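All of the numbers you see were taken from the coordinates with simple rules; none came from a lab. Since this is a predicted model, take the numbers as computed values, not measurements. Every residue, glycine as well, gets a Cβ built from its backbone with ideal geometry; the counts of neighbours run over all protein chains shown.
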Amino acid sequence: MAKKPYYMTTAIAYTSGKPHIGNTYEIVLADSIARYRREQGYDVFFQTGTDEHGQKIELKAAEAGVTPKEFVDQVAGEIKRIWDLMDTSYDKFIRTTDADHEAQVQKIFKKLYDQGDIYKGYYEGLYCTPCESFFTESQLVDGKCPDCGREVQPAKEEAYFFKMSKYAPRLIDYINEHPEFIQPVSRKNEMMNNFLLPGLQDLCVSRTSFKWGIPVSFDPKHVTYVWLDALTNYITGIGYDCDGESSEQFHKLWPADLHLIGKDIIRFHTIYWPIFLMALGLPLPRQVFGHPWLLQGDGKMSKSKGNVLYADDLVDYFGVDAVRYFVLHEMPFDNDGVISWELMVERLNSDLANTLGNLVNRTISMSNKYFGGVVENTGVTEPVDEELKTVALETVKKVDAKMNELRVADAISEIFTLFKRCNKYIDETMPWALAKDEAKKPRLATVLYNLVEGICMGASLLESFMPSTSKKILAQVNGTKRSLEEMKDFGLYPSGNKVVEKPEILFARLDVNEVLQDVASRFGKAPEEKAADEEKKDGGIDIEAKPEITIDDFGKLQFQVGEIIACEAVKKSKKLLCSQVKVGSRVRQIVSGIKSHYTPEEMVGKKVMVVTNLKPAKLAGILSEGMILCAEDADGNLALMTPEKDMPAGAEIC
């Protein structure tokens, strides 16, 4: 029977420069999903690529003294190199400078113009070059671009416009009828409340102030607006033809099963893109998932901030699979994750070297020491064996359930729960004690067999996330990768197999201070400055003590977990954000003075700690019905207080 097709894409990477680890996270996340879907039996087609047109590229090429094509060729090559370095299994790497893509974009533009969806006019507004977007004065935040926070410039030019409002009611109905279309749900609420329901403006889809773009075929002084060019890659890359001659592959794969994108571009993928597709008479993708950001410290990575980490630098220290593990495991489903050199070392030592590496090494070493490497199931069981088997079999089910919801971090955690249970099993059965009594050797053999079997199952599940490590583990225990179907049973490891004589160390522990010192010397920050930073960090902060209170005083305050479902800047205020916070079944409006630390987009979807019985008050004329709690360091930097584990909105904090 033919496999069911599964078409998934990443956003195409913008070729303005080398991608940092936050950009790289997306391709690794997508790869883990693609690999797992293949394990589930799907015929996966996984597309990624590069977005190569626009004014920003034209300016950067001029600064570099090369043509725009020479510039994007170099950057696209670098992006592809990093995607390959990270062991990603994409099926196609599309470039928007590909001739077949450019030809289709021109035909799409002409079709939309001929059917009256695109018309000619003039655009006057405030333009952000990095975002390639026009904004009105009311859309700015503190006079700057609402998307990236950079300066905008007044601009007026002849342009073509797409009639967005014509399709908006149809899109609203579609989103309401297909709750799975936009994920996580917080992204859907943001799009509906902030953009669709207030009313869509017509969209500028051409430019005349620069040349590096796809020319409009019937009006060549215009070049196609970057989003109409970039978004259509999802159909042109699989053989869409605007004249009705689309390829067999297109008919097989479209509509896409999953567009995986960053939360900062979800508006373009859930409003502009669906409307373009409606105008073309094509079905909409089944799901758009807006993943959170991977942050460096307390902010989004950007070269202008000087807080960028690159995948190849991290790989030099930790290896490909350790970096893959970190970015996948540390990123929550709908909240931002944080990366740093210190956290990388901590995770490598605790999870990869201790929990996983030590388990494999101990098991192989004991098998060699006590049985010459032969692993045999003698059938001498005890109740504790059943507990291990149950955890192993349940892990397979739990991982599958989590991956069906795209909860990749949770799926990896389940696999490591199995590895931790195997380590506990060693402590419970004490193989070294069994080995002292010859009569207990059969029991010892079964213990080691169960450990090898548990490791094989865990390693097989790990393949989608850490493919190289999975292969290494299975090779060391002389096992084969199991399918999901095969892992419905425990005990498939061939009794009598022999493990390798000398286990390879999968992950070597690192000294965090040595790593930080080496990083400082390699990447420009003086070791003594780093040491001063660490001393400041380790020393903590002393604040002025307030008068003591009793438990009764504390009991008067009500703290609950709240989920931010919408957020916007308070106009004419440099400090305030206004958040809509779901607490239980009620939505509270809370005004907070944190605009300089968080953008509205960063706030949406976060779980926060809220004082819910604070007397309502007006701030800048806006009613505030509670307080969101933050921590503040000596430099005035703020961080939202969030629950360590995912808790439901309304949960009491006690």
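Is region 320-373 rounded, prolate or oblate when judged by the Cα gyration tensor, a ≥ b ≥ c being the square roots of its eigenvalues, rounded requiring a/c under 1.5 and prolate requiring a/b larger than b/c? Each step should come with its number before you reach the end.
Details: a/c = 4.10, a/b = 3.03, b/c = 1.35.
The shape class here is prolate.
Can you order the peptides 42-50, 502-510 by their average number of other Cβ atoms within 10 Å per residue, highest first? Don't skip to the end; give the middle numbers.
Details: 42-50: 22.0, 502-510: 15.9.
Put in order of decreasing packing, that is 42-50, 502-510.
Taking the highest mean first, how do the peptides 310-318, 431-439 order by number of other beta carbon atoms within 10 angstrom per residue?
Numbers: 310-318: 18.3, 431-439: 12.3.
Answer by packing, highest mean first, reads 310-318, 431-439.
As a test of the formula, what do you get for the chain when each DSSP H run with n ≥ 4 contributes -39,500 (n - 2.57) and the sum is divided by the residue count, at 222 nm and rounded to the nearest 500 deg cm²/dmol? Show your work: numbers first, answer last.
Numbers: 23 runs with 261 residues, N = 654.
The helix contribution divided over the chain gives -12000 deg cm²/dmol.
Let me spell out the model: positive unit charges on the Cβ of Lys and Arg, negative unit charges on the Cβ of Asp and Glu, origin at the Cα centre of region 570-644. What dipole size does that give, in debye rounded to 20? Let's see the in-between values first.
Numbers: 12 positive and 7 negative charges, 109 e Å.
Magnitude of the dipole: close to 520 debye.
Once each part is reduced to its C-alpha centroid, what is the distance from region 108-174 to region 12-51 in angstrom?
Centre-to-centre distance over Cα atoms comes out at 28 Å.
Identify all lysines with a Cα-Cα distance to Lys120 below 27 Å; exclude those on the same chain that are fewer than 8 residues away in sequence.
Lys56, Lys107, Lys110, Lys111, Lys156, Lys163, Lys166, Lys211, Lys221
With the Cα gyration tensor of region 132-187 giving a ≥ b ≥ c as the square roots of its eigenvalues, does the rule (a/c under 1.5 for rounded; else a/b larger than b/c for prolate; else oblate) give rounded, prolate or oblate? Intermediate results must be reported in sequence, preceding the final value.
Details: a/c = 3.43, a/b = 1.60, b/c = 2.15.
Cα axes put region 132-187 in the oblate bin.
Decide, for region 149-295, between rounded, prolate and oblate: order the square roots of the alpha carbon gyration tensor eigenvalues as a ≥ b ≥ c, take rounded if a/c falls under 1.5, and otherwise choose prolate if a/b is larger than b/c, else oblate.
Values: a/c = 1.60, a/b = 1.13, b/c = 1.42.
Oblate.
Round to the nearest 10 and give me the degree value, 0 to 90, for the angle of helix 164-177's Cα axis relative to the longest principal axis of the chain.
30 degrees
Below 25 Å, Cα to Cα, which lysines can Lys481 reach? Residues fewer than 8 away in the same chain don't count.
Answer for Lys481, where 25 Å is the Cα cut-off: Lys3, Lys4, Lys389, Lys397, Lys398, Lys402, Lys420, Lys424, Lys471, Lys472, Lys498, Lys502, listed by chain and number.
With an 8 Å Cα cut-off and a minimum separation of 6 or more residues, compute the relative contact order for the chain in percent. Please list the in-between numbers first.
Numbers: 1105 pairs, mean separation 74.8, N = 654.
The normalised contact order for the chain reaches 11 percent.
Nearest 10 degrees is fine. How inclined is helix 441-462 to the longest principal axis of the chain, computing both from alpha carbons?
10 degrees
Sequence gap at least 6, Cα distance under 8 Å: using those rules, report the relative contact order of region 445-493 to the nearest whole percent. It would help to have the intermediate numbers written out before the result.
Numbers: 38 pairs, mean separation 20.7, N = 49.
Computed value for region 445-493: 42 percent relative contact order.
Considering only C-alpha atoms, what is the centroid distance from region 55-95 to region 627-654, in Å?
40 Å
Please list, ordered by chain and number, the residues whose modelled amide H lies under 5 Å from the amide H of Leu309; skip anything fewer than 5 residues away on the same chain.
Ile21, Gly22
For Cα pairs less than 8 Å apart in space and 6+ apart in sequence, what is the mean separation divided by the residue count of region 542-627, i.e. the relative contact order in percent?
Working: 154 pairs, mean separation 25.2, N = 86.
With pairs under 8 Å counted, the relative contact order is 29 percent.
Aspartates and glutamates within cross-link reach of Lys144: Cα-Cα under 19 Å, excluding same-chain residues under 8 positions apart?
Glu124, Glu132, Asp264, Glu568, Glu601, Glu602
Rank by packing, highest mean first: peptides 481-487, 53-59, 607-613, with packing defined as the count of other Cβ atoms within 10 Å averaged across residues.
On the way: 481-487: 15.9, 53-59: 22.0, 607-613: 20.4.
Descending packing order for the listed peptides: 53-59, 607-613, 481-487.
About the Cα centre, and with charges only on the beta carbon of Lys, Arg (+1) and Asp, Glu (-1), how big is the dipole of region 110-166? Nearest 20 debye, please. Can you show the working numbers first?
Values: 8 positive and 10 negative charges, 59 e Å.
Approximately 280 debye in magnitude.
Angle between the Cα long axis of helix 527-539 and the longest principal axis of the chain, 0 to 90 degrees, nearest 10?
It is inclined by approximately 80 degrees.
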